[in-house]
Amino acid sequence: MDPQEHIHIISAGDSIHKTYAAVLKDLRTITHTFIFAEKEIYTNSTRDDNKKRAWKCAIRDAIDEVNTLSLSKKISCALVPIDVATFDAVRDPVLGIFSEHPDARYSFDISAGSKRLSLGLFSMSLWVEGDAYYAFGNSPSRRVPVPSLPTRNLPANPHYLVILTILFRGQERGREARTLMPKETLFNETKVWQMPVRDADGETPPQELTPLAFSRLIAALMRWNLIREESNPENEQEKLYSITPDGELALFVYSARMKKRGVAATPGLS
């Protein structure tokens, strides 16, 4: 079976050859690269001063280097010249690529280009369920943290908040190195929180957390990229968990929303 296609879309700028080289080290599955560049980059005008001519030339050179690097890695590379006067100018070519590669994985580098181009590509990354990356100056490329579910849905099961909070507190205690918690320890700490449920008589007896229910909670949090699972190198049968940057952000946003509403205590957060 052929490996899944991985489409990488770049907003053109004069340093994209540097960020592209760095991205290829982290995203080793890229099969197709598309560079979105404003038509102005390839248009010479008598109104351009020396600085603008040099800027356009630097971007064209960076695009050429991305193409050369792609070919050396046997990654197909194509230039998509666009007029970014409207969002449609960004949307339509992305949808054209998506229609040709509907089952591919998508990633976007929105570090360069105009604000309209980068914002348009970021918006489209959400619609095609792609990951957006950015890099400023000499900083490494980072993924833009986008939630896989609205934070208002976290209280659908209060145990979600408890698990995230337990892992976050462990992270706070061990900032020098990412804290990993064994599944059994996480389960034991989570089940201490007795979550009330309303029965037919209006009473609220505590809800016992079962190992099966806990595994389902963990699977959901992993699917939403709020927690991370890895094997213990000393015991591959043991699973270790940590909170992701997205998980931390989800907690911060939820806490801020509850504070605004005047909620003094939330299960797992008090």
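Miscellaneous remarks
- Residues satisfying the stated conditions in segment 197-216, i.e. at pLDDT 60 or above, open to solvent by 60 Å² or more (accessible area, probe 1.4 Å) and aliphatic (A, V, I, L, M): Leu212
- Residue in segment 179-186 that is at pLDDT below 80 and at negative phi present: yes
- Checking each residue in segment 217-238 for being in a helix (DSSP H, G or I) and exposed (fewer than 13 other Cβ atoms within 10 Å of the Cβ) picks out Ala219, Arg223.
- Test: residue in segment 119-126 that is in a helix (DSSP H, G or I) and over 20 Å from Arg143 (Cβ atoms): no
- Selection status of Ser15, hydroxyl-bearing (Ser, Thr, Tyr) and within 21 Å of Arg105 (Cα to Cα): no
- Residue ID - farthest from the chain's Cα centre (by Cα), chosen from residues in segment 1-16 that are surrounded by fewer than 19 Cβ atoms within 10 Å (Cβ to Cβ) and closer than 18 Å to Tyr134 by Cβ: Asp14
- Residues (open to solvent by less than 60 Å² (accessible area, probe 1.4 Å) and either over 15 Å from Val162 (Cβ atoms) or at pLDDT below 90 (or both)) located in segment 187-196: Met195
- Those residues of segment 19-51 which are without any contact (Cβ under 8 Å) to a residue 12 or more places away in the chain and assigned to a helix (DSSP H, G or I), in sequence order: Lys25, Asn50, Lys51
- Where a residue in segment 96-118 is in a loop (DSSP other than H, G, I, E, B) and its partner, wherever it lies, is at pLDDT 90 or above and of a type in the set (Val, Ile, Thr), with Cβ under 6 Å and at least six apart: His101/Ile7; Ala104/Ile7
- Contacts under 6 angstrom Cβ, first residue in segment 61-81 being over 21 Å from Ile41 (Cα atoms), partner open to solvent by 30 Å² or more (accessible area, probe 1.4 Å) and not in a loop (DSSP other than H, G, I, E, B), 6 or more apart: Ser76/His32
The values are calculated or read from the model by the stated rules, or taken from the named source; none is laboratory data. Everything numeric in this text was worked out from a predicted model, so none of it was measured. Here Cβ is always computed from backbone atoms with ideal geometry, including for glycine, and neighbour counts include all displayed protein chains. Protein only, heavy atoms only, side chains kept; ligands, DNA and RNA dropped before computing areas. Shrake-Rupley method; radii C 1.70, N 1.55, O 1.52, S 1.80 Å.
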